[in-house]
Amino acid sequence: MQTNFSLAQLADPHVAESEKILRSCVHCGFCTATCPTYVTLGNELDSPRGRIYLIKDMLENDRPADETVVTHIDRCLSCLSCMTTCPSGVHYMHLVDHARAHIEKTYRRPLMDRLVRRLLAATLPYPDRMRASLKLAGFGRAFAGLFRAVPGLKPLAAMLELAPKSVPAASDVSRPAVHEASAGKRGRVAILTGCAQSVLDPGINEATVRLLTRLGVEVVVPAGEGCCGALTHHMGREEQALDFARANVDAWMREVDKGGLDAIVITASGCGTTIKDYGFMLRLDPAYAEKAARVSGLAKDVTEYVAGLDLPEPAVRPGLSVAYHSACSMQHGQKITSLPKMLLQGAGFMLREPREGHLCCGSAGTYNILQPEISAKLRDRKVANIEATGADLVATGNIGCMTQIASGSSLPIVHTVALLDWAYGGPKPAGVPEARVMEAAE
Ligand code: SF4
Ligand code: SF4
């Protein structure tokens, strides 16, 4: 695509990067067919190509964001399905991240929108605050219907409806510690305990620590790590996101210097996509660029790391059928497609692949709160495809998808690592049926 930026504009490294991306788009439109918002809304401006044009026009003309741009960029899920489809290698993720930061700097949102976004940015990344808000949400749930009837309050209704009925107690695994390998030590990793995940389902980190230590890996929960920054990054709150990234880089580099790390293991693929991008996000910060690139190089989804270990025979053959839901951040963001399925099959699960697996479930960070209507349509479509497989349960590798799918289906939905932990000697995850469990032959 031809672009028309002045030399002065290109002196800004963010604009220079976006110009490079824009030039690589040949506007063929292949990406429209796999874009969930285009498939749902049928409007070219809600397709990747349409958004690319809007961003180009805004940046080339040095214009502040306007309502049209904001409407269509806000509707983008950042699912990155378009990047998987694009034959020209257009890095849509970096382009839309730049557009979101530009919107945040140049556009004044309506009051309620500003308040909701501030509330999300001030609570979700902080486990203690999030736990307290979820408890409060329990009292507010009765008002969800009322809030849904008022346009500006729909996100509040979505927040209340998504909040779990009971909040699990905080887990000891989230505290800084070194968990020693229980068998002969063959590796040392740090895990990201995360923010929302550690509150909504602390069992995921517990399963990860159990599985890895049983497999001979020392697991460190470093002091000072926190939210990966993805939630605020996707809201265009660049400085807050970069501060989270720097704090994590410091925490993990201290562990690298102390005892060395083979990997930084991540159990939420949304966080994994962002941490693998720290090298890019902090490339202009001379104090952090090199360290951040090193951290990105060490980051691995838990399935990537476990697949590299020599696994024993499973202790239990579950004999259950599992519909595997590949989170967008897993399949499009990190291009991890076959490993989780291979591990589940190797652990004795029968795999079912839902139709339209490339389409987002509508979770997408805070999307299910900020865009509840589109999100609900995508969730219902996803749930129908999952339930059509007739599987006993659903497995996925991202807490956002787990919450989203659970809000529309009564099938048990479990993190992949919890199923692997069970098959290799850990406890059965809550809610998983027992009927067809067979102990492995001695
Ligand atoms: S598929 Fe790629 S090159 Fe074609 S319009 Fe979409 S982003 Fe541009
Ligand atoms: S990231 Fe997803 S929603 Fe956004 S333009 Fe690409 S395919 Fe569409």
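Every number here is computed from the coordinates shown, using simple stated rules; none is lab data. Everything quoted here is computed from the prediction, not taken from an experiment. Virtual Cβ from ideal backbone geometry, glycine too; neighbours counted across all protein chains shown.
Annotations
- Here the chain was treated as a single set of alpha-carbon atoms; its pair distances binned every 20 Å from 0 give 25, 58, 16, 0 percent.
- Within straight-line cross-link reach of K20, aspartates and glutamates at Cα separation under 16 Å, skipping those fewer than 8 residues along the same chain: D12, D57, E60, D97
- For the chain, the relative contact order works out to 14 percent when only alpha carbon pairs closer than 8 Å and six or more residues apart are counted.
- Dipole magnitude of the range 296-442, debye to nearest 20 (Cβ charges: Lys/Arg +1, Asp/Glu -1, about Cα centre): 440
- Close amide H pairs (under 5 Å, H built 1.01 Å from N) link H179 with V219, V220, V221, residues at least 5 positions away or on another chain.
- Taking the DSSP beta bridges with both ends in the chain, the antiparallel portion is around 20 percent.
- Counting only Cα atoms, the size of the range 120-246 along its three principal axes is 59, 33, 17 Å, in decreasing order.
- Placed amide H near G187: partners under 5 Å, 5+ positions off or other chain: E218
- Residues in the range 262-267 carry Karplus couplings, in order, of 7, 6, 10, 8, 10, 10 Hz; the curve used is 6.51 cos²θ - 1.76 cosθ + 1.60 with θ = phi - 60°, and Gly or Pro positions show x.
- For L351, residues with placed amide H under 5 Å, excluding near neighbours: V322
- Pairs over the 32 Å Cα-Cα cut-off, from the set K276/K341; K291/K428; K335/K377; K185/K291: K291/K428.
- Two numbers describe the Cα atoms of the range 371-411: Rg and Dmax, which are 10.0, 30 Å.
- The charge dipole of the range 200-295, taken about its Cα centre with unit charges on the Cβ atoms of Lys, Arg (+1), Asp and Glu (-1) only, comes to about 160 debye.
- No Cys partner within the rule (Cβ under 4.7 Å), the chain: C25, C28, C35, C76, C86, C361, C401
- Taking the Cα centre of the chain as origin and assigning +1 to Lys and Arg Cβ atoms and -1 to Asp and Glu Cβ atoms, the resulting dipole is close to 620 debye.
- Cross-link partners for K105 among the lysines, with Cα-Cα distance under 20 Å and sequence neighbours closer than 8 places in the same chain left out: K56.
- What the Cα convex hull of the range 298-442 gives, in volume per residue, is 105 Å³.
- In Hz, Karplus ³J(HN,Hα) per residue of the range 5-11 (6.51, -1.76, 1.60; θ = phi - 60°; x = Gly, Pro): 9, 7, 4, 5, 5, 6, 5
- Whole-angstrom gap from the range 264-325 to the range 25-41, using each part's C-alpha centre: 28
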